[in-house]
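Participant: Next up is a structure, given as structure tokens.
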Amino acid sequence: MRMPRRGLVIQARTRWLLVGLALLFSLVLLMYLLECAPQTDGNGSLPGVVGENMGKEYYQALLQEQEEHYQNRAASLKRQIAQLKQELQEMSDKLKSLQEKKSPKVNGMNYQGTKEQTSNDLLEFLHSQIDKAEVSVGAKLPSEYGVIPFESFTSMKVFQLEMGLTRHPEEKPVRKDKRDELVEVIEAGLEVINNPDEEDGQDEDDGVGERQLYSENDFIEGYYRTERDKGTQYELFYKKMDGMEYRHVTLFRPFGPLMKVKSETVDISRSIINIIVPLAGRTEAFAQFMQNFRDVCIHQDKRVHLTVVYFGQDGLSEVKSILESVARETDFHNYTLVSLNEEFNRGRGLDMGARAWEKGEVLMFFCDVDVYFTAEFLNSCRLNAEPGKKVFYPVVFSLYNPAIVYANQDIPPPVEQQLVHKKDSGFWRDFGFGMTCQYRTDFLTVGGFDLQVKGWGGEDVHLYRKYLHGDLMVIRTPVPGLFHLWHEKHCADELTPEQYRMCIQSKAMNEASHSHLGMLVFRDEIETHLRKQAYRTNSEAVG
């Protein structure tokens, strides 16, 4: 390799510096000898006597001392020169690398290879961002607050957890950048589906006819979340109107261009969901639950099994009667009633319901009697749980007390008309982990519920933490098709202090929105103001 011009200049200057130093030393030594030479006068010693011998020894010692000094100096300069050579070599290598990036040709070689290497390095970095993010495998997290929840969206609306004072639980994207982002993502997903790579392993209808193309109208729903130091993950689902197959596309934007992670076909046509409901008393609520079950599961979905785990004897016959009545009227017999003559324990009930299934692997939905769900939610349940890979923890939209929300009406509207995502009608129950979709083998592998937890609350958090501490991915997102209906809560004295605090907190959160609670707190002040206003109006009318 040719020495860079700068290196030659430095070497030449170093050589001239050494020559100059040598000449300067010779001159100084000569002047010193002339100045220090012994003076001869009439009384001086004659040549060959003692004075001459002393002068020679002195000069020899002086010359030896100076020689050693300059040998040391020369060695020091050699070390510095070697160090300079090394630094020059490093600078030359860096300069060559920089020139190769900027110049189309280096030493007659085409720069295309270097450009490809740079491109490969960039792709390697972007893929490393995907590997670091929680896209393909779950991350072990310290607590239930460590998970990064998804936000869900359709082509028209976004369902979001963090509302603040200006955002709403359900809203159309107002900001242009958010609208453009979601439109770009949906179109990118369509591009992946309609123009698949060989690695996607998609058959083109086995050579018969043309491949089915998807459009924006086939987009069903999506989820997205951002890891602030890595990028944004998108889970997209598409389906034809008359088909049962879903197309699932995962995209990741590593703070740069969107990158395809995978594209796959998800067939949920044979995916059975075992809906497990623990119950004690509350037969009226169960009758309402079964009405929704009849409409959604029996008439629409038709791929479910219902497991009811009933505690105690009081009300058991009524529950049996409700189930038998539904079975006669709809010819639906895919249900199991497990009776436990013991005190209610939600974790124990769900655990017994999971173990009562004897047909191998099955997707389970842990549900409560106060939960209202849609057929779309059941499909979301199927799409976001995968055995050995991920569990689904949807965030429920919890409805407020209808007597407060609809206080200006004579009676609250029917339940179906209350199912709206508004600030004054409900809130995303992001502190609740009781509603979940997971496969039976995953549930049994992590050890199920902590059956030592008695009474209300706590068992769901323990199970949730087990998944966070393991390798399975936890999908946490608000879903539009899952509602918790309001019902009056009673916090029993037998609860532990922690359970009682959670119960009171839940009771307060469930009652009404911030504004409605404020109206109740300041009701007397408002009524006083209205009376004063009425009195002033009447006085002005009389005057």
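The values are calculated or read from the model by the stated rules, or taken from the named source; none is laboratory data. If you're wondering where the values come from, they're calculated on a predicted model, not measured in any experiment. Methodologically, a virtual Cβ is constructed for each residue, glycine included, from the backbone with ideal geometry; neighbour enumeration extends over all protein chains shown. Calculation scope for accessible area: heavy atoms of the full protein, side chains included, ligands and nucleic acids excluded. Shrake-Rupley method; radii C 1.70, N 1.55, O 1.52, S 1.80 Å.
Participant: For the structure I just gave you, tell me whether residue 526 is β-branched (Val, Ile, Thr), loosely packed, with under 14 Cβ neighbours inside 10 Å, out of contact with any Asp or Glu (no Cβ under 7 Å at 6 or more places or on another chain) and not in a loop (DSSP other than H, G, I, E, B).
Facilitator: When the stated conditions are applied, residue 526 passes them.
Participant: Continuing with the same structure: Please work out if residue 406 is out of contact with any Lys or Arg (no Cβ under 6 Å at 6 or more places or on another chain), hydroxyl-bearing (Ser, Thr, Tyr) and under 27 Å from residue 523 (Cα atoms).
Facilitator: The answer is yes for residue 406.
Participant: Those residues that are open to solvent by 20 Å² or more (accessible area, probe 1.4 Å) and in a strand (DSSP E or B), I need them from the stretch 225-244; list them, please.
Facilitator: Across the stretch 225-244, the qualifying residues are 226, 227, 239.
Participant: Also, I was wondering about something else. Return the residue satisfying two criteria in turn: it lies in the stretch 342-361 and is outside any helix (DSSP H, G or I) and modelled with pLDDT of 95 or more, and of such residues it is most open to solvent (accessible area, probe 1.4 Å).
Facilitator: 361
Participant: Just need a number here: residues in the stretch 265-321 that are closer than 16 Å to residue 350 by Cα and polar (S, T, N, Q).
Facilitator: Adding up the residues that qualify gives 2.
Participant: Residue by residue through the stretch 264-285, note down the ones that are of a type outside the set (Val, Ile, Thr) and either surrounded by fewer than 21 Cβ atoms within 10 Å (Cβ to Cβ) or at positive phi (or both).
Facilitator: Of everything in the stretch 264-285, those that are of a type outside the set (Val, Ile, Thr) and either surrounded by fewer than 21 Cβ atoms within 10 Å (Cβ to Cβ) or at positive phi (or both) turn out to be 264, 267, 269, 270, 271, 280, 281, 282, 284, 285.
Participant: Does residue 300 satisfy being surrounded by fewer than 16 Cβ atoms within 10 Å (Cβ to Cβ), over 25 Å from residue 436 (Cβ atoms) and in contact (Cβ under 8 Å) with a residue 24 or more places away in the chain?
Facilitator: Judged against the criteria, residue 300 is not a match.
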